[in-house]
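The values are calculated or read from the model by the stated rules, or taken from the named source; none is laboratory data. Being a predicted model, the structure only gives us computed values, none of them experimental. All Cβ positions, glycine included, derive from the backbone under ideal geometry; neighbour counts span all protein chains shown. Heavy atoms of the whole protein, side chains included, go into the accessibility calculation; ligands, DNA and RNA do not. Shrake-Rupley method; radii C 1.70, N 1.55, O 1.52, S 1.80 Å.
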Amino acid sequence: MFAKRRTLLKTLAASPALYLGVPRFARAAPQFVYKYANNLPMAHPLNVRSQEAADRIKKESDGQLQINIFPNNQLGGDTDMLTQVRAGAVELYTPSALVIATVVPEAAISAVGFAFSNYDQVWSAMDGKLGAFVRRQIDKAHLHTFEKMWDNGFRQVTTSSKPVQTAADLHGLKIRVPVSPLSISMFKALSSSPTSLQYSELYTSLQTHIVDAQENPLAIIQSGKLYEVQKYCSLTNHIWDGYWFIANGRAFDKLPANLRTLWETAFNDAGMKQREDLRKMNESIQSDLQSKGMVFNATKSDSFQAALRNAGFYKEWRGKFGEQAWSQLEGAVGKLA
């Protein structure tokens, strides 16, 4: 009798649902399972905050919408991922302004060389009229753009042979730039020899001296371990770089209204936290890179802007972007051309 009682108690302990008299059911599979692709390591603030947003979405949607993150170029280089999000093979992607500009040229307006002086100018513009203008242009390409842009930082030039202090130091330099007409044009105007390569090819290209220099924000220089193949980091602040959260338009539209709102709100809220993360992170990155042997130097920013103006760079791109886009930019940063 006691043996039977012990057996019964063990059975109830192992299966609380039986004890409660309620059958147990497995949670229903998500109604929507979406892929989010990017080119950054999982430890980068963008992916840390994106994972928080994905967890929030899954919880608050009661499991209806699940976002799976594919970091670190797992689904291909920037051009591949942009093609996939346009086709619907992935539902979410975070291109920089320079990358999305290959499809929506107006998106590169925020990446005009030496336009922004500080973050006050950046966020006033991108959370204001300039950002709204760019989102409207991206929407025309059947891509849905979330309201808040995420930070990637000001871009800096690194080299293997010598520091860059003035525009003259860029003369003839073989430098990797993103697949971006604007970046190519800017460095040509500064008398460099720019080469467009996917970020996934960058480390090897520096290691084998296909190129001798590159330009990226400090967080990318650190996370990509570029200090292993570059000696100098010149604080040029030549372009502010940020990430747009781009969703495939069809995937966004087929979600119920409440899930569309949740999806966008969760990523916008996470983006505001990521901006602060990157600000704090940048305060410590330079010391970390210096401890790894990278040599930093200040630059004379006026010489670069003067060189671009003398080369006709600003005049050329004012014509390409058009008066509407250019006036939005100059309204935020002051006269350029």
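Points to keep in mind about this one:
- Single residue of K280, K335, K315, K273 found to be assigned to a helix (DSSP H, G or I) and more than 24 Å from the chain's Cα centre (by Cα): K315
Quick grid of which residues meet (1) among the acidic types (D, E); (2) modelled with pLDDT of 95 or more; (3) in a helix (DSSP H, G or I):
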site: P163; (1), (2), (3): no, yes, no
site: G172; (1), (2), (3): no, yes, no
site: L182; (1), (2), (3): no, no, yes
site: F187; (1), (2), (3): no, yes, yes
site: T195; (1), (2), (3): no, yes, no
site: E201; (1), (2), (3): yes, no, yes
site: I210; (1), (2), (3): no, yes, no
site: A219; (1), (2), (3): no, no, yes
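- Flag for N237 being open to solvent by 60 Å² or more (accessible area, probe 1.4 Å), under 17 Å from the mean Cα position of the chain (by Cα), among the polar types (S, T, N, Q) and farther than 18 Å from N47 by Cβ: yes
- Number of the condition not met by N258 [criteria: (1) under 25 Å from T158 (Cα atoms); (2) open to solvent by 10 Å² or more (accessible area, probe 1.4 Å); (3) out of contact with any helix residue (DSSP H, G or I) (no Cβ under 6 Å at 6 or more places or on another chain); (4) not charged (D, E, K, R)]: (1)
- The stretch 283-305 - residue that is open to solvent by 70 Å² or more (accessible area, probe 1.4 Å) and not in a helix (DSSP H, G or I) and, of those, nearest to F187 (Cα to Cα): K300
- Residues of the stretch 28-62 satisfying the condition of being part of a loop (DSSP other than H, G, I, E, B), at pLDDT 95 or above, open to solvent by less than 20 Å² (accessible area, probe 1.4 Å) and of a type outside the set (G, A, S): N38
- Criterion violated by S327 - all others in (1) without any contact (Cβ under 8 Å) to a residue 60 or more places away in the chain; (2) in contact with a Leu (Cβ under 8 Å, 6 or more places away or on another chain) satisfied: (2)
- Every residue from the stretch 132-155 that is assigned to a loop (DSSP other than H, G, I, E, B) and open to solvent by less than 10 Å² (accessible area, probe 1.4 Å): F146, M149
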